[in-house]
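Have a look at the structure below before the remarks.
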Amino acid sequence: MKVTRLVSTCDIKDCPTIYATDRGTLLVQGPTPTDHGLQIPAHETLVEIPVELIRKAIRDDLI
């Protein structure tokens, strides 16, 4: 899979980030919340990202 960094909340590698793949999908990097009370299947996960990250990606016409 080829991954391209689209937008991040900072310039270092450990911040919430959105990536595009050559599969026509997005990958999201962010902290894994544990206090949500949801039952998530073992093959899935939740990732928490700031709403402003999505706004920035849309504003910059990245997604």
Checklist entry - Arg55 to Asp11: extension gain in nm, 0.36 nm per residue of separation minus the Cα-Cα distance? => result 14.1 nm
Item to check | Contact order normalised by residue count of the chain, Cα under 8 Å, 6+ apart, percent | outcome: 29
Checklist outcome for this item: The ³J(HN,Hα) series, computed from each phi in region 10-26 with the Karplus coefficients 6.51, -1.76 and 1.60 at θ = phi - 60°, rounded to the nearest Hz and given as x for glycine or proline, is 7, 9, 9, 7, 10, 10, x, 9, 10, 10, 9, 10, 6, 9, x, 10, 10
Item to check | Where the chain is the region considered: accessible area per residue in Å², 1.4 Å probe | outcome: 79
Checklist entry - Based on Cα positions only, what radius of gyration and what Dmax would you give for the chain, in angstroms? => result 12.7, 34
Checklist entry - Modelled label-to-label distance, Asp22 and Val3, 7 Å Cα→beta-carbon offset: nm? => result 1.5
Checklist entry - Quick one: Karplus J couplings for region 39-56, per residue in order, coefficients 6.51, -1.76, 1.60, θ = phi - 60°, nearest Hz, x for Gly and Pro? => result 9, 9, x, 4, 8, 10, 8, 9, 10, 9, 10, x, 4, 4, 5, 5, 4, 5
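The values are calculated or read from the model by the stated rules, or taken from the named source; none is laboratory data. What you see is a predicted model; the values in this text were computed from it and never measured. Note that each Cβ is placed from the backbone with ideal geometry, even for glycine, and that neighbours are counted across all protein chains shown. The area values use the complete protein model at the heavy-atom level, side chains included, leaving out ligands, DNA and RNA. Shrake-Rupley method; radii C 1.70, N 1.55, O 1.52, S 1.80 Å.
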